[in-house]
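First comes the structure, then the notes that go with it.
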Amino acid sequence: MDRFTTYLLAGMAVLLATAASIAYFSRPQEAADPSHSAPPIPSPARSPSPFSPPTTAANVGQIPVSPGSPLATPSLLLSASAPTSVVPAAPTPVPWTPVNPGQVQTLVYPGFTVVYSLTLGNPLVAQYAMVGGAKPKRYPPAVAVKTPNPRLITAAGYSRAQMALGSSIGLYFGKTSVPNTELMTNIAPMAPACLQGPWAQFGPLEARWAGEFGWIEIVAGTIFASPPTQVGGIVIPVAFFRAYRRSYGDALAFIIPQTASGTDLKPYLTSIATIEAATGMDIFPNTLDLSSREQVAPAVW
């Protein structure tokens, strides 16, 4: 066999091998066996929150607000937008979720400020401080607000409870300031046993604490079921809260259910964070750290 024939046969062999390789790799692949396929990875489920996110949030404390805002007050703000800060998780669960307060109005009276829900016909929160020194000589004129008839409260079997206590306001702002605490914007329906029992203890305590500590700030308000409970044409809170802050940098907090009675306040001690979880409000947001907000005081001051 001559050299040309040898080269020709070798070239043909290379071509045949290349064609066979192309044909093999170009054929359709077999479908994978579904029994051996990897199971899909589920997306991680989000743990449900024990508290429904509030549609509105009240921030109680020294919060900067726009000067032109109709809700701008020295220490209270109720915003119709979503909360801008995350409420710390409550150390113990509460059986209430923040309720939508609907239309609200902020009212400034001599010595105290109230955020009132026109929709619920109840005060949401009142704030005041008991401290010596010069008081403002002028206050904004009282704004007329449409409120439920006071007779509906007694007709439903409840008593009229003040959020900002007249005894405390009058002690520092004079007798002429007391009638404002009796306005319906500062009044919530409360069971008589609750009003005459634990709620009645706060007035004397506030007077004593203000004298002992020289300065004390109080935030008090209502807690509602969701949906709110209505009796005889009025909305009835399911519980009430009071929170205190003194110059030592610590706080004292209470949740008083409508069913509460007696004079012992210790069973109703709670944390600021628990109140925030039940109401959707931020209480003393710029003055208490997270650990203080979640702490339950071991005893009443």
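How many of the residues in the range 271-290 are in a loop (DSSP other than H, G, I, E, B) and of a type in the set (A, V, I, L, M, F, W, C)? If you could, list the steps in order and put the result at the bottom.
Within the range 271-290, the first condition is being in a loop (DSSP other than H, G, I, E, B), and the residues that meet it are 271, 280, 284-289.
Those still in the list that are of a type in the set (A, V, I, L, M, F, W, C) too: 284, 288.
Going through the range 271-290 one residue at a time, the tally reaches 2.
Filter the range 132-162 for residues that are within 27 Å of TRP209 (Cβ to Cβ) and in a loop (DSSP other than H, G, I, E, B) and give the result.
We begin by selecting, within the range 132-162, every residue within 27 Å of TRP209 (Cβ to Cβ); these are 132-137, 139, 159-162.
If the condition is that a residue be within 27 Å of TRP209 (Cβ to Cβ) and in a loop (DSSP other than H, G, I, E, B), then GLY132, GLY133, ALA134, LYS135, PRO136, LYS137, TYR139 are the ones that fit.
From PRO285, PRO267, grab the single residue that is under 19 Å from VAL114 (Cα atoms), surrounded by fewer than 20 Cβ atoms within 10 Å (Cβ to Cβ) and not hydroxyl-bearing (Ser, Thr, Tyr). Please lay out each step first, then the result.
Numbers: PRO267 fails: under 19 Å from VAL114 (Cα atoms).
After ruling out the rest, the residue left standing is PRO285.
Taking into account only those residues within the range 109-134 that are among the aliphatic types (A, V, I, L, M) and touching a Leu at 6+ places or on another chain (Cβ under 9 Å), which is nearest to PRO189 (Cα to Cα)? Please lay out each step first, then the result.
Here is the first cut: in the range 109-134, the ones among the aliphatic types (A, V, I, L, M) are 114-115, 118, 120, 124-126, 129-131, 134.
Then keep just the ones that are touching a Leu at 6+ places or on another chain (Cβ under 9 Å); that gives 114-115, 124-126, 130.
Numbers: VAL114: 16, VAL115: 16, LEU124: 12, VAL125: 14, ALA126: 15, MET130: 25 Å.
Only one residue tops the list, namely LEU124.
Which residue out of ILE218, ILE223, ILE187 is modelled with pLDDT of 95 or more, aliphatic (A, V, I, L, M) and farther than 25 Å from THR154 by Cβ? Write out each step before concluding.
Values: ILE223 fails: farther than 25 Å from THR154 by Cβ; ILE187 fails: farther than 25 Å from THR154 by Cβ.
The match here is ILE218.
Could you list all residues from the range 189-203 that are assigned to a helix (DSSP H, G or I) and in contact with a helix residue (DSSP H, G or I) (Cβ under 8 Å, 6 or more places away or on another chain)? Full working, then the answer.
First pass over the range 189-203, keeping only residues assigned to a helix (DSSP H, G or I): 192-196, 199-203.
Matches in the range 189-203: GLY203 only.
Give the range 225-245 a look and list any residue that's among the hydroxyl-bearing types (Ser, Thr, Tyr), in contact (Cβ under 8 Å) with a residue 60 or more places away in the chain and assigned to a strand (DSSP E or B), or say none. Before you say what the answer is, go through the steps one by one.
Taking the range 225-245 first, the residues among the hydroxyl-bearing types (Ser, Thr, Tyr) are 226, 229, 244.
Okay, now just the ones that are also in contact (Cβ under 8 Å) with a residue 60 or more places away in the chain, so 226.
None - no residue of the range 225-245 is among the hydroxyl-bearing types (Ser, Thr, Tyr), in contact (Cβ under 8 Å) with a residue 60 or more places away in the chain and assigned to a strand (DSSP E or B), so the list stays empty.
Do we find a residue being more than 24 Å from the chain's Cα centre (by Cα) and on the phi < 0 side of the Ramachandran plot anywhere in the range 113-129? First the steps, then the outcome.
Residues of the range 113-129 more than 24 Å from the chain's Cα centre (by Cα): none.
Within the range 113-129, none of the residues are more than 24 Å from the chain's Cα centre (by Cα) and on the phi < 0 side of the Ramachandran plot.
Applying the selection to the range 132-157, what residues are modelled with pLDDT of 95 or more and under 26 Å from the mean Cα position of the chain (by Cα)?
Matches in the range 132-157: THR147, PRO148.
Look through the range 245-264, keep the residues that are buried (at least 21 other Cβ atoms within 10 Å of the Cβ) and small (Gly, Ala, Ser), and return whichever of them is nearest to the chain's Cα centre (by Cα). Give the derivation first.
Looking only at the range 245-264, we keep the residues that are buried (at least 21 other Cβ atoms within 10 Å of the Cβ), and these are 245, 251-256, 260.
Adding the requirement that they be small (Gly, Ala, Ser) leaves 251, 253, 260.
On the way: ALA251: 17, ALA253: 14, ALA260: 22 Å.
So the residue we want is ALA253.
Being touching a residue at least 12 places away in the same chain (Cβ under 8 Å) and either touching an Asp or Glu at 6+ places or on another chain (Cβ under 7 Å) or part of a helix (DSSP H, G or I) (or both) is the filter here; which residues of the range 163-177 pass it?
Matches in the range 163-177: LEU165, GLY166, SER167, SER168, ILE169, LEU171, TYR172, PHE173, THR176, SER177.
Report whether or not THR222 is in contact (Cβ under 8 Å) with a residue 60 or more places away in the chain and farther than 21 Å from SER117 by Cβ.
Details: in contact (Cβ under 8 Å) with a residue 60 or more places away in the chain: yes; farther than 21 Å from SER117 by Cβ: no.
No; evaluated as a whole, the condition is false for this residue.
The values are calculated or read from the model by the stated rules, or taken from the named source; none is laboratory data. Because the structure is a prediction, the values reported are computed rather than measured. Cβ coordinates were reconstructed from backbone atoms using ideal geometry, including for glycine residues, and neighbour counts include every protein chain displayed.
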